[in-house]
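Inspection log for the structure reproduced underneath, given as structure tokens.
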Amino acid sequence: MIRDTQGRFLRNLRISVTDRCNLRCAYCMPEEEYVWLPRQEILHFEEIERLVDVFIELGVDKVRLTGGEPLLRRDLPPLIRLLAAKKAIRDLAITSNGILLGDEAPALKAAGLHRVTVSLDTMRPERFAQLTRRDTHAQVLEGLAAVARAGFTDTKIDTVVMRGVNDDELADLIEYGRSVPAEVRFIEYMDVGGATRWSMDKVVSRQEMLERLTNRYGAIEPVVETSTAPADRYRLPDGTVFGIIASTTAPFCADCDRSRLTADGLWYLCLYAQKGIDLRGPLRAGASAEALKALITGGWEVRRDRGAEDRLAQRDRSPLLQVERLKRDPHLEMHTRGG
Ligand code: SAM
């Protein structure tokens, strides 16, 4: 196990398997056009596996596949099978927008995937179409039903809450989550790369969400637990549990044990980091496992990032990056580095 300068372990690896997405969510991909990663630079499954083996040796025991939309990566189950065979990974999950889960859920389950998180921001099809610029709300709901049918448990629904967009649906989403069943986690709208339309007045804080839900349901209790998971969990009077990820107003940098591998093998130590460490180059040049281990250890041991806290300390906060900069370096995009 290795620690960074702040004593944080390297335990949680998020692997983006593609930068492509079949939605255009207003908070993530609001532009008309994007610069995509060159195909020949995308890591093959065997290359991902080699890197994961090194990360495991250094302490990683949680792996999440993400993107872009991970299910757009052709024939994903063989990668899941490779990873599921690694006993050191005690939590193997995927974050998906759900559109393709109706077809894919059984194969993902059969391949050994442990858990599924589906991003869903609204229960209203017309609002979904407006927010994502795609008319596929019914497929997302079908995807969640398929996840339950395939036998997955501990399913989560992630909802980005935006003022004036979907902040009137907190209770509707909780009710829907209960029916799936899935635990809903409300995410504060973040000023990450890609969120070029972000502004502080569109952020609904954890505190405000709790106030609104208390008005609706009565007293809400925090669930007491020790974990480095980003969501604070709460219990409604009827026992329903939900989470809030307060990354904008109360960041969890102090406990952050996560890092991100892009589909083309750049390794980022913070969601807000401007530079990543190239692992694809050395890997393709024939670096040994020991050499990769040294490279990763060297990167982690000097890690000081507290990106979300640094953002919080800024006055007059505006979007992190402008479109021109994102076009010059698509690695700065949330959909490239994996949410
Ligand atoms: N396509 C998959 C999905 O939709 O879940 C995985 C990738 S997506 C980038 C991962 C997560 O990042 C989603 O839950 C999405 O809502 C979240 N996300 C993207 N932009 C965000 C922002 N500006 N603020 C908060 N969360 C954001």
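The values are calculated or read from the model by the stated rules, or taken from the named source; none is laboratory data. Note that the coordinates shown come from a computational prediction; the quantities given were computed from them, not determined experimentally. Positions of Cβ are generated from backbone atoms using ideal geometry, with glycine treated the same way; all protein chains shown enter the neighbour counts. Ligands, DNA and RNA are excluded from the accessible area calculation, which covers all protein heavy atoms including side chains. Shrake-Rupley method; radii C 1.70, N 1.55, O 1.52, S 1.80 Å.
Among the residues making up segment 50-73, those that are assigned to a helix (DSSP H, G or I) and open to solvent by less than 50 Å² (accessible area, probe 1.4 Å) are 51, 52, 54, 55, 56, 70, 71. Whenever a residue of segment 313-339 is assigned to a helix (DSSP H, G or I), its partners that are open to solvent by 40 Å² or more (accessible area, probe 1.4 Å) and not aromatic (Phe, Trp, Tyr), lying with C-beta atoms within less than 8 angstrom and at least six residues away or across chains, give the pairs 327/35; 330/35; 332/274; 332/325.
Residue 240 - would you say it is within 16 Å of the ligand (Cβ to nearest atom), open to solvent by less than 60 Å² (accessible area, probe 1.4 Å), at pLDDT 95 or above and within 26 Å of residue 171 (Cβ to Cβ)? Considered against the rule, which asks whether it is within 16 Å of the ligand (Cβ to nearest atom), open to solvent by less than 60 Å² (accessible area, probe 1.4 Å), at pLDDT 95 or above and within 26 Å of residue 171 (Cβ to Cβ), residue 240 comes out as no.
Quick one: residue 110 ticks every box in (1) surrounded by fewer than 16 Cβ atoms within 10 Å (Cβ to Cβ); (2) not in a helix (DSSP H, G or I) except a single one, so which number is it? Of (1) surrounded by fewer than 16 Cβ atoms within 10 Å (Cβ to Cβ); (2) not in a helix (DSSP H, G or I), only one is false for residue 110: (2).
Among residues of segment 238-256 that are farther than 15 Å from residue 8 by Cα and of a type in the set (A, V, I, L, M, F, W, C), those with a Cβ under 8 angstrom from a residue that is assigned to a loop (DSSP other than H, G, I, E, B) and more than 14 Å from the ligand (Cβ to nearest atom), sequence gap 6+ or separate chain, pair up as 241/223; 242/236. Looking only at segment 26-41, which residues are open to solvent by 30 Å² or more (accessible area, probe 1.4 Å), within 16 Å of the ligand (Cβ to nearest atom) and not aromatic (Phe, Trp, Tyr)? Within segment 26-41, just 26 meets the criteria.
Filtering segment 1-25 to residues that are farther than 21 Å from residue 331 by Cα, buried (at least 17 other Cβ atoms within 10 Å of the Cβ) and among the charged types (D, E, K, R) leaves 4, 8, 11.
Of the residues examined, residue 47 is not one that is closer than 23 Å to residue 333 by Cα and exposed (fewer than 15 other Cβ atoms within 10 Å of the Cβ).
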